[in-house]
1. What does the extension gain come out to for B:Gln277 and B:Glu543, with contour length at 0.36 nm per residue minus their alpha carbon separation?
2. What are the ³J(HN,Hα) couplings of segment B:375-382, residue after residue, when phi is run through the Karplus curve with 6.51, -1.76, 1.60 and θ = phi - 60°? Round to Hz, x for glycine and proline.
3. Taking square-rooted eigenvalues a ≥ b ≥ c of the alpha carbon gyration tensor, is segment B:579-662 rounded, prolate or oblate, where a/c under 1.5 means rounded and, failing that, a/b exceeding b/c means prolate?
4. In deg cm²/dmol, rounded to 500, what helix-only [θ] at 222 nm does the protein assembly as shown give when every DSSP H run of at least 4 residues adds -39500 (n - 2.57) and the total is split over its residues?
5. Taking amide H positions as placed 1.01 Å from N in the peptide plane, with prolines and chain starts having none, which residues 5 or more places from A:Ile90, or on another chain, fall under 5 Å of its amide H?
6. How much FRET efficiency would the formula 1/(1 + (r/R0)^6) give for A:Phe77 and B:Ala632, where r is the Cβ-Cβ distance and R0 is 41 Å, rounded to 0.05?
7. For segment B:239-288 and segment A:31-86, what is the centre-to-centre distance using only Cα atoms, to the nearest Å?
8. Once amide H atoms are built 1.01 Å from N in the peptide plane, which residues 5 or more positions from C:Gly76, or in another chain, come under 5 Å H to H?
Amino acid sequence: MPTKLYNEPSPLETRVLSKRFGLADSHTLDVYLANDGFKAFLKAHEMTPAQIIDEVKASALRGRGGAGFPTGLKWSFVPRTSPKPKYIVINADESEPGTCKDRLLMEYDPYQMIEGILIAGMAMDSHKGYLYIRGEYRYLLDHMDKVIAEAYSRGYLGKNIAGTGFDFDLYTHSGAGAYECGEETALLDSLEGKRGIPRMKPPFPAVAGAWASPTLLNNVETFSSIPVIIRDGGPAFAALGTPKNGGTRLVCISGHVNKPGVYELPLGFPMLKAIYEVAGGIPGGKKLKAVVPGGSSCPILKADECDIPMDYDTLAKIGSMLGSGGMVVLDETTDMVKFALRIMRFYAHESCGWCIPCREGTTWLRKILQRFDDGGGRHDDVALLGELSKNMLGRTFCALGDAAAMPTISIVDKFAADFEKRLAGSAKSQLVVV
Amino acid sequence: MAETVKLTINGSPIEAEKGTLLIEAARANGIEIPSFCYYEGLTLQAACRMCLVEVEKTPKLQVGCTLPVAEGMVVHTESEVVRQARKGTLEFLLTNHPLDCPVCDKGGECELQDMVFRYGAGESRFTERKQHVDEQQWSPVVFFDAPRCILCYRCVRVCNEGMGVNALGVANRGVIAEIVPNHHDHLECDECGACIDICPVGALTSGIYRYQTRPWEMNHVGTICTHCADGCRTTLGVRNEKIIRGNNRDSSGINGEFLCIKGRYGFDFTEHPERLQSPMARVGDGFEPVSWSKALEIVAGKFAAVKKRAGRFGVIGSSHTTNEENYFLQKFARQALGTKNIDHHRSGDLTTFVDALTDRANVLASTADLYTAKAVLVVASDLSQQHPLLANQIRANVRHHNAHVYAVTAGPVREDQQATASVRVQKGGELAGVESLRGKLAAEGDLVILFGDAIQGESLRKLIAFGDSLGVPVKYVCLVDYSNSRGAFDMGLIPREGGMSREQMLAAADLDVLWVVGANPLKSAALAAKGAFVVVQDLFMTETAKRADIVFPAASAYEKSGTVTNVCGEVQKLKAAIKVMGAKTDLEIFGLIAKEMGPEVVKTVGIWSPDKVFEEIRKTVHGYDISVPVIATGGAAPTMPLNGRVAALPGTVASAGDTLFTSGTLSRYSKILNSVMESPGGLYSVKESGGKGSAS
Amino acid sequence: MNFSPQLEQRFAKMLESYPEGRKRSAVVPMLIYAQDETGAITEELIAEVAKRCEVAPLQVDEVVGYYSMLHRKPLGKYHVQVCTNISCMLVGGTELYEHAKKKLGIGHKQVTSDGQFSLEEVECMGACSWAPAVEINYDFHHHVTPERLDQLIEAVRKRS
Ligand SMILES: Cc1cc2nc3c(=O)[nH]c(=O)nc-3n(C[C@H](O)[C@H](O)[C@H](O)COP(=O)(O)O)c2cc1C
Ligand code: SF4
Ligand code: FES
């Protein structure tokens, strides 16, 4: 397994989760053990489940999958004493456009995630975990199968793990190409061998998840953050970030920057600093036009909105989201019509089709944007795009509908001028008869 | 009474049982919350989003079809934002809908049409190209037009949850998602048509009904299905003396919306080309049409003569004719012809049943009991095929009340899917099989036992003794085959007091007259009495009719009024839907024969009007003193025949073992029933060869 | 229907990994791993998976149409997947895809006449920070330029 990193690290990073990245054979148990591996697990073994959960609460860790839900709180929802078996499901579907971090955590430091899973297992009294990896990541499925085999052979999975008497089985499970299967309940349906259709909530997975049993579902990065939290204590992790936004996270910077890459930055890190210093600024000295802060589902930010610390609450305050850490940088040359179209093509393609507003709405929006981009735009299209998106927003079965509506609303609202320009540009536009 | 909560909807205070779904609570109080995917009795989907409502103190609009009411909830269903949301959703829905209402079968009764009319946008802002997919034919009775489908998943649920058939699924993703049949390009199923019936739009249409007419151009006649013994109410759509469709959308009667293929489509025998429309007289080996007066004259003359010289009569009645006709026929035979030789095709041992349970109360299960019983035991019957409604009641009971089902049968049956325990037995081993379930059954709160013809005579008494020994309340259903098998028995079409059985009549070389009404005994047996004068009343030239001297063209159940009694002993009223030229009801034919025989006979048999005869039945037939208003309003009135011992009868009891696609003699003349690939199939699962198959 | 010993072994383990009576859970992984051997999801394969997972063929059929990576028609020996989602698009993904079309002479989800290559414009595959990205079968290639793509294609051409 090459330990060559996909991109050079930056001196401005705070490497906590990624500190082993780049070590030779960083994915092996020996290297992990030689670098603080399983200390947290052994420590957790001495703690009560309540203590473990309190530690996670104290860390102010929030879900790294996108929703940013406080992890400790979520853990406390799982009925530890339920007579039913309890399951742990690891969301490694990583499909949010702009996001490419869970890959690295599994490729370079799989044991960190496994240790986090085992700690969760002790806290939930759960003994089975399913690692749901998107089908496109076959090399990672193979990689994790090898890692898991090693872990079993060395007694870090299976019976009586590391002599603690704690048993845990971990299995990989392959997806087959469906963004919606990243949504936690659709993922569970997919795990059960069905079409990835989201489920009604309540009941929440914590109560009735996989196979109708209590299920803890977290993102790869969320689990990977657990060992350091238990080892150094929740407060220490929390202190890395800002209040209620604990720790560091892997920020995936892509688009128009000189040094795109995945960088581990503390929560609250200044966005402009990330763009201009960590990622080396915009090629050709071009001007910043907009930023997608946390994956394509997040409302887009105009350049003048980007002078902010990157934490959940600040982004919520300005009407966007920190999302999954996929930060996409757009320079002044970007055609926002094409950009909006590409986003909507994605959501229309990925809509599961269960509910009407998303199924029909995404396709309709895609068709309008396509026509517009093809030069058939009309003046009222801009307003229509906004109104149709609003007719989806908050009315769909799951959040995919919102994920499609939010960026569109923000783009037509903040970049209406780009659309007008395209209209003027296309002589055809006035002629189209439909 | 469960705990109730108080809430407000559109300003008016409302009380509802805790946990009730908001959409139900609103409807119960006359407040309509629109919906497509929500369907009472089926699982929740929350897919169509038509039911979104405003609930104070919640940021987003809430889904009315999945939201349980809560104390103090303040709901608005007609606020501006709610209306706007509905409008928006409908606008989305119409983007890929072809809007071909003018050529759509559903036009006039389409929920989407109504919805757009009530809540929709005047004109759509959609100007892009629509998805198109060609219409598909999935079976002779089921057509699918994907573009019209709104994906409410009702059809999938009614097939999977309701029927237990699992023949429909959803393929693809997103905007190209569509409903698919279980065999890629076609369906293999019960062909019950429930999916068509439940489809809110014109996506699923009926091969029989499509392009025939418009709903408002039909008369809708509520009557009782004339096929199996379950007695489903079916609403026949009629246009110029032609039955165009059958359904039960108004959920009237004991069957709610349920109908099987026979009830929904098996009405076309009424217009079969071979339908008799004039009396026929034997001339040599052939037949020639004769006038009614001539035919009646011959028959009356013969009857009178034979009676005069005290000759031997044999009378075989029908399991499809009305109680009034059956009662009148046996009275005619007993009092006017002076014979006890009266019988019909007995398909279940009601004689022993009624005798064994005599003078007991609460031992006869009603159709409704099958939906409420804690446990149900099916013995020796392929219930889903032979008694589709009873099977449906049981499936719903399991879905809604977690009832326990037990099956003791010769082969795999659909009941196994939900069964707590299934036992396979050889013929004769039924009681042993039942005995093996004793422990489980004794632990149930209460129990209904349904049993087929394998249980008769002594074994029937043993089964009831078994039921008594369980120590839990037990009710029974003695399964019989046809729409009025039960009535034929109750009305006395049986060889009581030493009369000859069907078999004995056919075997008696010295029989002078054989009078067969709506039955076909000579299909499977020969008539010994070469010289016998045979009179037949039937719809068709059956094997028996071919042996007749005079054949009268009879009207079918869809062409007459009167009452019938279903397998659970519930009496329901028929309503004539059409009139077929030349045919007369059997009752009228009896009456005309009596008239022809002279005033004496007329005096003995009485007036041949259904109502008058029914009055006499209520007065004289045990257990038939039933409420007239109940049946007059389309209800089902239970009978209580358990009073007084019934002596054993000669002759055999045997079910014809009809499948879902056969029903006595009628199905032979239904193009539709014969056109589906599953027809006639066999019992104990279509897969299994060597099933009993059909005897009709 | 039989698969290679390795795959049979994988399936055996797979069916073990889910709770008692939950064989259905193996449907999606079984389909995608099997597809790699059979080249496409055939009716026979659907029936086989249904049998092994103890569900009706219809229930497997429903799944096949849902997942983008499951194909009813065989793909090329080398399936070239070019991402054009936002991160790739911003740095030449669209042009790369257009180039691939020309280079291979086929369009979206088409297969070359010799059955060697198939092409697909795919959604974000998690390589955003190393865009534009191409996945050939299951191998990721990052920072792909048209020239680089040509080399990759030639390389596999030689291999076969
Ligand atoms: C349409 C959709 C797609 C999603 N995709 C992913 C994904 O690829 N990976 C992920 O971890 N979470 C994804 N999520 C979020 C999950 O639903 C869930 O919130 C998360 O995995 C919970 O883990 P966390 O609390 O550790 O973030 C998605 C959500 C939606 C609505
Ligand atoms: S919003 Fe509706 S259609 Fe879209 S993915 Fe969620 S459930 Fe499916
Ligand atoms: S009726 Fe509530 S979503 Fe369809």
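Read-outs: derived from the displayed coordinates by stated rules, not from any lab. Not measured: the values here are computed from a predicted model. Positions of Cβ are backbone-derived with ideal geometry, glycine not excepted, and every protein chain shown enters the neighbour counts.
1. Details: separation 266, 0.36 × 266 = 95.76 nm, distance 1.74 nm.
So the extension gain works out to 94.0 nm.
2. 8, 9, 10, 9, 10, 6, 8, 8
3. rounded
4. Details: 47 runs with 434 residues, N = 1290.
Here the helix-only value at 222 nm equals -9500 deg cm²/dmol.
5. Distant-sequence amide H within range of A:Ile90: A:Tyr130, A:Leu131, A:Tyr132.
6. That gives a FRET efficiency of 0.10.
7. Rounded to whole Å, the Cα centres lie 70 Å apart.
8. Answer set, sorted by chain and number: C:Ser118.
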